[in-house]
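Asks: After the structure tokens below, expect a handful of questions from me.
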Amino acid sequence: MSVTSYQQAVRNLEYLGLKQMVSHLNEVVDFSIHNKLSFMDTFVKLTNYEIDVREHNMIHAMVKVGAFPHQKELADFAFSFQPSVNREQMLDFASLRFIEGNENIVFLGPSGVGKTHLATSIGIAAAKKRTSTYFIKCHDLIQNLKRAMLENRLEARLKHYTKYKLLIIDEIGYLPIEPEDAKLFFQLIDMRYEKRSTIFTTNVNFRAWDEVFREPKLANAILDRILHHATVVTIVGESYRLKDHFVQEDK
């Protein structure tokens, strides 16, 4: 490659905004000459640098958009401390097979046993595979829907939450839900029903959901849609948050 051709190639790549190809052009050309690569092999090697960085940036953006409360993944979960959680089942969830079938997951158990950690881990796995994912606490979700209704943009807000292939609704039942608010929640669940996957975490047994939503018929309608195509993971055991405390006491 002549100096003039090389300089022109650099200018062309810069013009096209292919920064990684510009920065790796020298080494790829040298590698190609040394190993006698064909033009096509050289081209593929050079473009791979650009694609790898863009993929990394895209994944980072998808995870950021997910609004996860933390970046803990399944590898960070202490399965030995929580034996009621099946590791293989969690890995199957992380494969996103349940999303292909528009199925739901419900993590049920007392506070602190790792429900949010597991839900978030699956969400991060989905985001890293470029599946649109969003995490929100139930109370915040309802407040956002109420605000949208008052501002006459409820339909747009419902569509916003419906567009995600995976929505994670955390902490159902930690705070009571007024009947009018429950109707808003039902509209979202109904819109996503059999079209999108949702992960729920709750500390309230399903039989007591009528107390959470203050309206038995509405609670049953919500549960019917959530559980129709769902896997319920019941977690029992000590608080996951106290794990390190217990370990220190045993020393």
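The values are calculated or read from the model by the stated rules, or taken from the named source; none is laboratory data. Fair warning: this is a prediction, and the values are worked out from it, not measured in the lab. Virtual Cβ from ideal backbone geometry, glycine too; neighbours counted across all protein chains shown. Just so you know, the surface numbers come from the protein's heavy atoms only, side chains and all, with ligands and any DNA or RNA stripped out. Shrake-Rupley method; radii C 1.70, N 1.55, O 1.52, S 1.80 Å.
Asks: Among the residues of the range 132-161 satisfying the criterion of being among the hydroxyl-bearing types (Ser, Thr, Tyr) and open to solvent by 20 Å² or more (accessible area, probe 1.4 Å), which is farthest from Pro69 (Cα to Cα)?
Replies: Ser132
Asks: In the range 22-76, which residues are under 30 Å from Asp140 (Cα atoms) and open to solvent by less than 80 Å² (accessible area, probe 1.4 Å)?
Replies: Answer for the range 22-76, where residues must be under 30 Å from Asp140 (Cα atoms) and open to solvent by less than 80 Å² (accessible area, probe 1.4 Å): Met58, Ile59, Ala61, Met62, Val63, Gly66, Ala67, Phe68, Pro69, His70, Glu73, Leu74.
Asks: Considering only the range 1-21, state which residues are of a type in the set (S, T, N, Q) and either surrounded by 14 or more Cβ atoms within 10 Å (Cβ to Cβ) or within 27 Å of Lys129 (Cβ to Cβ) (or both).
Replies: Correct list: Gln20 only.
Asks: Please go through the range 47-75 and give me each residue that is in contact with a helix residue (DSSP H, G or I) (Cβ under 6 Å, 6 or more places away or on another chain) and hydrophobic (A, V, I, L, M, F, W, C), ordered by number.
Replies: Correct list: Val53, Ile59, Met62, Val63, Phe68, Leu74.
Asks: Scanning the range 162-190 for residues that are of a type in the set (D, E, K, R) and open to solvent by less than 50 Å² (accessible area, probe 1.4 Å), which turns out modelled with the lowest pLDDT?
Replies: The qualifying residue modelled with the lowest pLDDT is Asp181.
Asks: Restricting the search to the range 65-104, which residues are more than 20 Å from Glu171 (Cβ to Cβ) and part of a loop (DSSP other than H, G, I, E, B)?
Replies: Listed by number, the residues that qualify are Glu73, Ala78, Phe79, Ser80, Phe81, Pro83, Asn86, Ser95, Leu96, Gly101, Asn102, Glu103.
Asks: So Arg54 fits all but one of (1) more than 21 Å from Tyr174 (Cβ to Cβ); (2) modelled with pLDDT of 90 or more; what number is the exception?
Replies: (2)
Asks: Pull out all pairs, ordered by first then second residue, where Cβ-Cβ is under 9 Å, the residues are six or more apart or on different chains, the first lies in the range 91-108 and is under 16 Å from Glu194 (Cβ atoms), and the second is part of a helix (DSSP H, G or I) and of a type in the set (D, E, K, R).
Replies: Every condition considered, the pairs that remain are Phe98/Asp92; Asn102/Arg192; Glu103/Arg97; Asn104/Arg192; Asn104/Arg225.
Asks: So which pairs qualify, if the first residue must be in the range 19-38 and more than 15 Å from Asp52 (Cβ to Cβ), the second must be open to solvent by 90 Å² or more (accessible area, probe 1.4 Å) and aliphatic (A, V, I, L, M), the Cβ gap must be under 7 Å, and the two must be at least 6 apart or on different chains?
Replies: Note: pairs meeting the criteria are Val29/Met1.
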